[in-house]
């Protein structure tokens, strides 16, 4: 059971991180937000980054693109959350 929970949390974090990285890359290159795949990804990740929206404004670099700092902070936030939960579980779950 312990291995299943740890594995599940790590896989879930991996999926969330992949989705957030895709969002960051698509926003950086200015993908069309009305394209079906991009719109779907933005809707899914919009739910994930909602708690982190507004912490940092998006960064615009002239000649380069847009860095979605909300998605970047969400990635770090979820990483820290999962690491804390895993440490907490290790303290209270028998080996």
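The values are calculated or read from the model by the stated rules, or taken from the named source; none is laboratory data. On a predicted model such as this, the values are computed, not experimentally measured, just so you know. Don't worry about glycine lacking a Cβ; one is built from the backbone with ideal geometry, like all the others, and counts go over all protein chains shown.
Of the candidates 48, 9, 19, 26, the single residue that is surrounded by 14 or more Cβ atoms within 10 Å (Cβ to Cβ), part of a helix (DSSP H, G or I), in contact with a helix residue (DSSP H, G or I) (Cβ under 7 Å, 6 or more places away or on another chain) and free of Cβ contacts under 8 Å to residues at least 24 places away in the same chain is 26. Among the residues making up segment 29-43, those that are farther than 23 Å from residue 62 by Cα and not in a helix (DSSP H, G or I) are 34, 35.
Taken over segment 58-95, residues that are within 20 Å of residue 31 (Cβ to Cβ) and either surrounded by 14 or more Cβ atoms within 10 Å (Cβ to Cβ) or more than 16 Å from the chain's Cα centre (by Cα) (or both) amount to 16. Would segment 67-81 turn up any residue that is in contact with a strand residue (DSSP E or B) (Cβ under 8 Å, 6 or more places away or on another chain) and modelled with pLDDT of 90 or more? Looking for residues that are in contact with a strand residue (DSSP E or B) (Cβ under 8 Å, 6 or more places away or on another chain) and modelled with pLDDT of 90 or more, one finds at least one in segment 67-81, hence yes.
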